[in-house]
Every structure is written in structure tokens, then in C-alpha cells.
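Worksheet: one structure, shown below.
The values are calculated or read from the model by the stated rules, or taken from the named source; none is laboratory data. Since the model is a prediction, treat every value here as computed from it, not as a measurement. Glycine gets a Cβ as well: all are built from the backbone with ideal geometry, and neighbour counts include every protein chain shown. Quick note on the areas: whole protein, heavy atoms, side chains included, nothing else; ligands and nucleic acids left out. Shrake-Rupley method; radii C 1.70, N 1.55, O 1.52, S 1.80 Å.
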Amino acid sequence: MSLQRAVVALLGMSVMAVAAADGAAIARKGAAAAVACQGCHGVAGEGVAQAGFPRLAGLGAVYLQRQLAAFADGSRVSPVMLPIAKALTKADQAAVAAYYAAMPYPAAPSAAAPARPAPPGSGAARTAAASDALPSNLGATLATRGRWSDQLPACEQCHGPGGTGVGAEFPALVGQSSAYLAAQLAAFKSGARPAGPLSLMAVVAKKLSAAEVTAVAEYYATLPARTNR
Ligand code: HEC
Ligand code: HEC
């Protein structure tokens, strides 16, 4: 019995090791007709803001896998990602999703990154919170408070404080470019992207005006990146 259990455990471990190796290989070299991911998403999964290539590092594995499946079946419309995702088997998609999910972000704290955010209740945090309420800080207000009159929760309730992501399902927003974020919000609105779990994002996106989309996308794109692990 115990031997059987040991074999099962060993098999489990070797399966995991193979999956991890595949994920790294796909990212670096590609697989079948899929070109190497890092050519566009960066060696550290950091993305290329100017080119519209999103950050993948540290996004949840379940989330990443769902996106690859959606690109492959065309429900998330992307002429670039469609052929790439389609060329990956389900096992490849799972492996490469696990690979990027385990990647720390940011890979190395950039020299330009400011000090850690002020702890809640400190003077600096209070000042920041107060300025959030100003109309000129529309993006910050939506991100940290939402708009209760319209039953619009704060983005951070699902995406975490600072937009660093929560668990395997709620992706980080910080570290993505404003153009990418705005395009995704537009896609949730138009249906060019599946509504995701419980249709949460379609509901949220439809409550945002064009000006609010721009403001909140700018807010997250300019928020200092912090490590999420
Ligand atoms: C030729 C450039 C290119 C290559 C190569 C590429 N991607 Fe992408 N990827 C993109 C673009 C552009 C988008 C944004 C698509 C959109 O607008 O929805 C994207 C989006 C994604 C997303 C969605 C991210 C999110 O935050 O929702 C995932 C996941 C992804 N790519 C995974 C991969 C993987 C895995 C590979 C390698 C097998 C890969 N990509 C190779 C260009 C590329
Ligand atoms: C009630 C929970 C919830 C709230 C509130 C919420 N989101 Fe989301 N968001 C999600 C989920 C879940 C996903 C993943 C959807 C999927 O799997 O396709 C997501 C995905 C996204 C994405 C796609 C990220 C990527 O990498 O492509 C963007 C952009 C986004 N949300 C922006 C926002 C903004 C901006 C707000 C605030 C105005 C917000 N969200 C509020 C749950 C939420």
C-alpha cells in the first residue's frame, strides 16, 4: 500500500516536472507552429508596453489558461494570438500558463521604482486617500472606491490593492500599458472578449464611460509596479 502510494506520488512529481520544463521551453523556443512567447512578451514576461504586448509574469495560472483557450477558439478576438494559441495543445497551454504564473513580477525592482507605499493610517496614506476624492483623480477614485451610486465596486476589490492581482483568477492590472488596459475594457464592453467568471468584467466595463476607461487605464499604467509575491 505504502509502495503504491510512493509510486503515485513519484508519478505526480514527474508529471509536474515535465509540465514545468515544457512551459519554460515553449516560452523560450515555442512549440510546433507557435513562436516563442518571449519574443513578444519579454524574457521576464514583463511585456512590451509600446507594442501592446501585455505583461504575463505573475498573472494567475487559471486566468492565463482561460485566455489561451479563448484565443484558440476565437472567443477572445486577437489576430496575433489566435494562431499561436491554436498551435498549443491543452497540456502546452497549462504548462506555459503555470510557467508565467510562477514568474515573479517585477523581475527586478527597477531603479526608478519609488519606495513602498505608505502604510494605511500614516499621514502619506491619508493625503493620498484625500486626493483620490478629487474629480481630477477620476482614475484613482474608480480604482480605490468605485462608484456606489451605480453599484460599481472599486477595481481593487477584485484586482487587489495597487492592482497587483488576487489568486489564480483576478489578474494584475499594474504593469500593463494604458492602451492595452483601455482596449481590454472596450473588448469586454463590445463582447470581443468573453465576459469571464460570473460576467463580472462585462458588468463593470459597461458601467464605465469612455472618459472613465481612459482615466482608470492611465491610473494603473502609471502606478508604480510592486512585486505581488
Ligand atoms: C507576435 C507577438 C506575440 C507572441 C509571439 C506571443 N504573444 Fe501573447 N499576446 C500578444 C498580443 C498582441 C496580445 C494582446 C492580445 C489582445 O489584444 O487581446 C497577447 C496576449 C496574450 C495573453 C493575454 C494576457 C492577458 O493579460 O490577458 C496571453 C495569456 C498570451 N498572450 C500568452 C502567450 C503565450 C503563452 C505565447 C507563446 C506560446 C505568446 N503569448 C506569444 C502577442 C504575442
Ligand atoms: C467584481 C470583481 C471585479 C471588479 C470589481 C473589477 N474586475 Fe476587472 N476582472 C475581473 C475578473 C474576474 C477578470 C478576469 C476576466 C477573464 O478571465 O477574462 C478581470 C479582468 C480585467 C482586465 C483584463 C486584464 C488583462 O490582463 O487582460 C482588465 C483590464 C480589468 N479587469 C480592469 C478592471 C478595472 C479597470 C476595474 C475597475 C473599474 C475592474 N477591472 C474591476 C473582476 C473584476
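Computed over protein heavy atoms with a 1.4 angstrom probe, the accessible surface ordering of Tyr220, Tyr180, largest first, is Tyr180, Tyr220.
Stretching Val77 away from Gln151 to a fully extended chain increases their span by 23.8 nm, per 0.36 nm per residue minus the current alpha-carbon distance.
Given 0.36 nm per residue, what is the gain on full extension from Leu200 to Glu169 after removing their alpha carbon distance, in nm?
10.0 nm
Database remark: amide H of Arg76 closer than 5 angstrom to the amide H of Phe71 (H placed geometrically; neighbours at sequence offset of 5 or more, or on other chains; Pro and chain starts carry no H). Other residues with beta-carbon under 14 Å from the beta-carbon of Val203 carry, at +1 per Lys or Arg and -1 per Asp or Glu, a net charge of +4. Would the stretch 123-222 count as rounded, prolate or oblate if I go by the C-alpha gyration tensor, calling it rounded below 1.5 in a/c and otherwise prolate when a/b exceeds b/c, oblate otherwise? Here the stretch 123-222 falls in the prolate category.
Nonpolar atom fraction for the stretch 123-222, defined as the carbon and sulfur part of the 1.4 Å probe accessible area, stands at 64 percent.
Taking amide hydrogens as placed 1.01 Å from N in the peptide plane, the amide H of Leu152 sits under 5 Å from those of Arg147, each at least 5 positions away in sequence or on another chain. The string of couplings for the stretch 85-95 from the Karplus curve (6.51, -1.76, 1.60, θ = phi - 60°) is 5, 5, 6, 8, 6, 4, 5, 4, 4, 5, 5 Hz, one whole number per residue in order, with x for Gly and Pro. Near the amide H of Phe53, within less than 5 Å, lie the amide hydrogens of Val48, all on another chain or at least 5 residues away, with H placed in the peptide plane.
The Cβ shell under 15 Å around Ala32 holds other residues with a net charge of +2, Lys and Arg each +1, Asp and Glu each -1. Modelled this way, with points 7 Å down the Cα-to-C-beta line, the labels at Arg28 and Ser190 are 3.8 nm from one another.
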